[in-house]
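Undergrad: Quick one: the structure is below, and I'll ask about it shortly.
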Amino acid sequence: MKLAAAIAAIVALTACGGRWIPEATEADATRVSARWPGTTAADLNRGRSLLLARCGNCHLPPSPAELDAAAWSAEVAEMRERSGLTVIDADLVERYLAAFASDRTPSAH
Ligand code: HEC
């Protein structure tokens, strides 16, 4: 019983109200490579980890599909110092958000 309750709580927490924060694949990296040449899936997933760790302290971590890539660029610039992120780490967060932004297209940009 206790275990079932704990599992239910974990599922509820990780579900996060339907928040969509997908893990990146090489196909996603290819999509942002037009703008950021050489981006790898590992880069994007590092950005994802930073987003989960640093952008969820004051509010829930945002879902990348909430905004388009240009809006993310402005938002990350505004939130970078609040999050204590270096310019390099903030850049990875921005790449991750852009990869899954509302205006993402197969041909990128
Ligand atoms: C120190 C606290 C803090 C951290 C860390 C933080 N935010 Fe925020 N965020 C806020 C507050 C407060 C607001 C409410 C609007 C405002 O004050 O600009 C907000 C609002 C937002 C919004 C909504 C913007 C809007 O126009 O309403 C987005 C999107 C966002 N944050 C993204 C991020 C991202 C991405 C990160 C990580 C890079 C981040 N936040 C880290 C405090 C934080």
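Undergrad: Looking at (1) more than 9 Å from the ligand (Cβ to nearest atom); (2) closer than 16 Å to ALA24 by Cα; (3) out of contact with any Pro (no Cβ under 7 Å at 6 or more places or on another chain), which one does GLU94 not meet, given that it meets all the others?
TA: Unmet for GLU94, out of (1) more than 9 Å from the ligand (Cβ to nearest atom); (2) closer than 16 Å to ALA24 by Cα; (3) out of contact with any Pro (no Cβ under 7 Å at 6 or more places or on another chain): (1).
Undergrad: While we're on this one: Is there a residue in region 98-107 that is loosely packed, with under 12 Cβ neighbours inside 10 Å, closer than 17 Å to THR30 by Cβ and of a type in the set (S, T, N, Q)?
TA: Looking for residues that are loosely packed, with under 12 Cβ neighbours inside 10 Å, closer than 17 Å to THR30 by Cβ and of a type in the set (S, T, N, Q), one finds at least one in region 98-107, hence yes.
Undergrad: On the given criteria, is PRO64 touching a Pro at 6+ places or on another chain (Cβ under 9 Å) and within 15 Å of the ligand (Cβ to nearest atom)?
TA: So PRO64 fits the description; yes.
Undergrad: What number of residues in region 41-61 are touching a residue at least 40 places away in the same chain (Cβ under 8 Å) and assigned to a loop (DSSP other than H, G, I, E, B)?
TA: So the count comes out to 2.
Undergrad: Mind checking which residues of region 28-63 are over 10 Å from the mean Cα position of the chain (by Cα), among the polar types (S, T, N, Q) and more than 21 Å from GLU78 (Cα to Cα)?
TA: Hits for region 28-63 are THR30, SER33, THR39, THR40.
Undergrad: From the list SER73, SER83, which residue is touching a residue at least 12 places away in the same chain (Cβ under 8 Å), polar (S, T, N, Q) and near the ligand (Cβ under 8 Å from one of its atoms)?
TA: SER83
No lab work stands behind these numbers, since they all come straight from the coordinates. Keep in mind that this is a model prediction, so the values were computed, not measured. Virtual Cβ from ideal backbone geometry, glycine too; neighbours counted across all protein chains shown.
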